[in-house]
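Here's the structure, in structure tokens; my notes come after.
Computed from the coordinates by the stated procedures, all read-outs in this text should not be read as laboratory data. For clarity, every value in this text was computed on a predicted model and none was experimentally measured. Methodologically, a virtual Cβ is constructed for each residue, glycine included, from the backbone with ideal geometry; neighbour enumeration extends over all protein chains shown.
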Amino acid sequence: MTIKKDDAINHIQADFESLANLVLEQLDQMEGVITTGKISVSEDVVKKILKNEKELDKKEVKLSDKIVNAIVLYQPMASELRWVIACYRILISLERIGDYVVNIINFVDKIKTPEIYDKLHEVLANMTIQSIKMVRESLLSFLNDDREIAIWTIKNDLVFDEINKKLLKKLLSKTDTADANKHLLMSIVTIKEMMSNIERIADHASNIAEAAIYSIDGKDIRHHKIEK
Amino acid sequence: MTNTIADIKDPILSIKDLSISYDKHKAVKNVTVDIKRNTVTAIMGPSGCGKSTLLRALNRMHELYENIHTEGEALLNGLNIYDMSTIKLRRKMGMVFQRPNPFPTMSIYDNVVAGYKLNGIRAKKKEKDEIVERSLRDVALWDEVKDSLHKKGTFLSGGQQQRLCIARALAFSPEVILMDEPTSALDPIATSKVEDLLVKLKENYSIVLVTHNMSQAARISDYSLFMYLGELVEYGKSKNMFTNPVDPRTEEYLTGKIG
Amino acid sequence: MVESIKTLSDQDHSAKRLFKDKFVYIGVIVLSAITISPIVLIIAKLIIKGYRQISLDFLVQNTPDSFQAMTAVANGEIIPGGIANGIVGTFVMVVLAAVIAIPVGVLTGIFLYENQGKFIANLTRNISDILQGVPSIVLGLISYLWIVKHVTNGFSALAGSVSLSIMMLPMIVRSTEETLKMIPQTLKEAALALGVPYHKVIFRVLIPTGFSGLLTGILIGISRILGETAPLMLTALGSSMINIDITKPTSAIPLLIWDFYNDPNMIGLIWSSSLLLMAIVLILNIVAKQVAAKRS
């Protein structure tokens with residue numbers, strides 16, 4: 001007598017896969033932009049990405065809802081419970097990935113010095129391709145219950161972090177300017193990093209508040225403009 | 001293939017290689033498990049898995065039937081249950097059944113002390129009054145029935161009757177209370193009252209509860225046993241078993257693929 | 001297809017159906033009345049013919065002799081005397097029969113209940129059923145042989161009681177067994193789980209719980225033997241005095257009715273005696289039903 005539960009879980013899986021594919025499409029678009037190395041992004045691409053982002057937001061809210069319903073109505077247990085909860089966690093990460101894609105596309109547009117971008121675009125492209133590969137593999141590890149790939153992704157991330165740190169230093173060392181400027185640039189970058197992290201803290205505070213409203217009113221107001 | 005996850009020190013009940021057969025058919029196969037003191041231990045599994053049979057062996061109810069044979073041991077606080085008289089044993093292990101069964105010819109008062117009365121144990125009225133009040137308070141029935149103690153027990157609602165039966169089992173101050181699907185004949189509110197009661201009672205008693213309702217086992221038990229086709233498949237802390245079962249059969253049962 | 005359904009639903013057969021209902025209803029009432037009528041007619045006849053004879057004297061005085069009766073009838077008076085000897089005799093023998101039959105019957109019933117399906121139990125049950133079919137006069141003969149000849153060396157109330165008890169026995173055995181079978185198993189288990197030894201479970205839980213069923217069986221058995229005449233003729237014989245010595249012959253109401261029937265002078269008494277007997281049987285049955293209703 002688990003028809004309804006199995007149906008619900010299958011629907012969640014289908015929705016999840018479609019959402020995941022949408023995120024991968026975004027990532028592909030982003031990869032396309034970065035690998036061209038140009039600092040201008042075509043109108044079409046921007047439009048597509050923003051449209052997808054909107055759709056992603058909608059899907060995300062719907063899927064969250066489905067997951068909560070499945071838990072309360074069908075009380076999944078053991079591996080089914082874990083799968084559903086994992087799905088929910090991944091959903092949050094996918095949403096963030098979607099946001100990052102939009103941000104990155106916007107940043108490309110803001111670069112005023114095409115030469116430096118040109119120098120580094122190969123590195124950036126590699127990084128992009130690698131991280132997209134990691135996302136794809138990790139999603140597959142979830143959908144196919146593949147432990148090995150999951151472990152590979154986690155190990156790879158550590159490597160990735162290392163490369164990231166070294167890369168910035170390399171970036172600066174390659175610029176054609178005085179040492180003092182290099183230090184200044186480094187400091188500005190570091191401060192910018194700090195600001196980004198602080199901003200992220202505020203962002204999370206906002207997430208916490210959205211969750212509070214969900215708890216109080218049962219309304220998921222993520223991605224909605226607050227009227228009152 | 002029993003995965004005894006928990007290593008129980010000083011168990012109240014110790015079951016060793018217990019097998020029970022009806023004529024030639026083995027209904028319970030070589031069960032070995034320790035039951036922890038002052039906990040609610042749930043025995044769950046699909047219909048026909050042997051859980052009720054196992055429970056009833058613990059207070060030797062099977063001796064009523066000639067065609068049931070038991071092998072193996074069960075120890076209550078280290079003493080073999082077969083080394084004591086059934087009368088002594090059943091005073092240490094009370095039992096509550098699926099359908100509330102207060103004695104219809106007796107009043108509520110008499111039902112609570114039925115164990116004494118029917119055994120011809122004489123007790124002063126004052127002592128009996130104390131036992132009745134204590135037992136009824138323990139099951140949260142005292143306030144509801146204190147003014148009608150001499151009315152027949154059958155006038156109570158199903159949930160109240162079941163609590164009366166629990167009070168009757170408690171009157172002997174047993175060490176263990178065995179319960180065979182005690183709430184399956186009750187409505188949801190009565191069920192939840194009885195469940196709350198069990199959680200409270202475990203402070204002073206050890207409770208072994210057979211249930212076919214997984215959610216109930218998940219809600220109120222500290223430890224769970226999963227039985228399938230007469231075997232003890234898995235045993236451990238409930239919170240682990242329900243999220244992360246070890247045996248694939250447990251997994252299948254919890255996700256509804258078997259049973 | 002749809003058309004025929006439509007015409008079906010268009011048809012209104014309710015008038016015909018109502019008539020059928022009424023017809024059957026009246027038919028059932030008439031047939032029930034026919035079934036009840038014998039009892040009603042009997043009681044009516046007994047009352048009409050016998051009420052005048054019923055008085056306190058009737059209940060406390062012994063039977064008159066033929067001469068007294070003859071004089072009374074000749075003078076158009078009520079026959080003097082009463083049937084006290086019969087009343088006492090019936091009472092004594094019925095009580096004694098019950099005392100014999102109840103323990104034996106109940107214990108046998110318990111035995112059958114405990115050994116369902118076993119050969120010995122089935123055999124016992126079958127014999128009990130056969131016993132129920134033995135003609136009452138044959139039982140009287142048996143009792144004559146066993147008691148009159150060998151125990152009391154003469155007709156006696158004891159012999160009468162024995163024959164009556166044998167008649168009652170199968171009814172008690174059966175009703176005990178059936179009552180016990182109807183008690184839910186779970187009550188037995190509850191008592192056992194409290195550490196009550198098995199024999200106590202039977203006598204302190206099962207029997208009290210099934211009490212009304214047992215009592216009904218006993219009362220029905222009693223009301224059956226109240227009117228038995230043939231066995232008493234061979235065992236108790238009769239007596240013109242009140243007699244409570246069970247080793248001596250004694251009277252009984254049915255015996256007296258037989259005597260009155262055979263004596264042309266006393267024939268007037270048969271109506272009142274029968275009326276009294278019927279009244280006792282009726283009251284007993286009503287009481288039995290009340291007990292059963294109250295307990296359940």
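Of note:
- Calculation over all alpha carbon pairs of the range C:144-244 in 10 angstrom steps from 0 returns a P(r) of 15, 31, 23, 19, 11, 2 percent.
- Between C:Met182, C:Met168, C:Met70, the Gaussian network model of chain C with springs among Cα atoms under 10 angstrom shows the greatest mean-square fluctuation at C:Met182.
- Of the beta bridges in the protein assembly as shown, as assigned by DSSP with both residues counted there, near 55 percent are antiparallel.
- Share, in percent, of DSSP beta bridges within chain B that are antiparallel, nearest 5: 55
- Residue-count net charge about C:Leu194 - beta-carbon cut-off 9 Å; Lys, Arg +1, Asp, Glu -1: +3
- The base-10 log of I(q)/I(0) for chain B, evaluated at q = 0.11, 0.14 Å⁻¹, reads -0.59, -0.95 [Debye formula, identical scatterers on Cα atoms, solvent excluded].
- Within the range C:84-295: Cβ-based charge dipole about Cα centre, in debye rounded to nearest 20 (Lys, Arg +1; Asp, Glu -1): 600
- Note on the protein assembly as shown: semi-axes of the ellipsoid equivalent to its C-alpha gyration tensor, largest first and rounded to whole Å, are 91, 33, 22.
- Using just its DSSP H runs of length 4 or more, each adding -39500 (n - 2.57), the protein assembly as shown gives a mean residue ellipticity at 222 nm of -21000 deg cm²/dmol after division by all residues.
- Taken about its Cα centre, chain A carries a charge dipole of about 420 debye when Lys and Arg each add +1 at the Cβ and Asp and Glu each add -1 at the Cβ.
- Rounded to whole Hz, the Karplus (6.51, -1.76, 1.60) HN-Hα couplings of the range C:156-170, x for glycine and proline: 7, 5, 4, 4, x, 4, 4, 5, 5, 5, 4, 5, 6, 3, x
- Alpha-carbon gyration tensor eigenvalues x 5, square-rooted, for the range C:257-296, Å: 34, 7, 4
- Estimated inter-spin distance, A:Glu55 and B:Arg122, nm [label 7 Å along Cα→Cβ]: 9.0
- Choice from B:Tyr82, B:Tyr205, B:Tyr109 with maximal GNM fluctuation in chain B (Cα, 10 Å cutoff): B:Tyr82
- Look at the dipole of chain A built from charges on Cβ: of A:Leu19, A:Gln29, A:Val68, the Cα furthest out on the positive end belongs to A:Gln29.
- Summing charges over neighbours of A:Asp118, with a neighbour being any other residue whose Cβ is under 14 Å away from its Cβ, gives +1 when K and R count +1 and D and E count -1.
- By the Cα gyration tensor, the range B:127-259 has an equivalent ellipsoid whose semi-axes, rounded to whole angstrom, run 33, 15, 11 from largest to smallest.
- Largest GNM mean-square fluctuation across C:Tyr198, C:Tyr51, C:Tyr144, computed for chain C with C-alpha springs under 10 Å, falls on C:Tyr198.
- Multiplying the residue separation of A:Met195 and A:Ser18 by 0.36 nm and removing their Cα-Cα distance gives an extension gain of 60.3 nm.
- Given charges at Cβ of Lys, Arg, Asp, Glu: the protein assembly as shown dipole, positive-most of B:Leu156, C:Ile283, A:Ala202: C:Ile283
- Dipole magnitude for the protein assembly as shown: about 1800 debye, using +1 per Lys or Arg Cβ and -1 per Asp or Glu Cβ, origin at the Cα centre.
- Kirkwood hydrodynamic radius (C-alpha pairs) into Stokes-Einstein, chain C, 37 °C and 0.692 mPa s, D in µm²/s: 145
- Computed from the Kirkwood radius of its Cα pairs, the Stokes-Einstein diffusion coefficient for the range A:158-228 at 37 °C and 0.692 mPa s stands at 212 µm²/s.
- For the residue pairs A:Lys5/B:Lys200; B:Lys146/B:Lys237; B:Lys200/B:Lys237; A:Lys47/A:Lys166; B:Lys124/C:Lys181; B:Lys151/C:Lys289, the C-alpha atoms sit more than 30 angstrom apart in A:Lys5/B:Lys200; B:Lys146/B:Lys237; A:Lys47/A:Lys166; B:Lys124/C:Lys181.
- Computed from Cα atoms, the angle from the helix B:125-138 axis to the main principal axis of chain B rounds to 50 degrees.
- Between the residues A:Trp83, A:Thr128, A:Tyr100, the greatest Cα displacement towards the positive end of the dipole of the range A:67-211, with unit charges on the Cβ of Lys, Arg, Asp and Glu, is found for A:Thr128.
- Total formal charge among the other residues, if their Cβ is under 15 angstrom from that of B:Leu229, Lys/Arg +1 and Asp/Glu -1: +1
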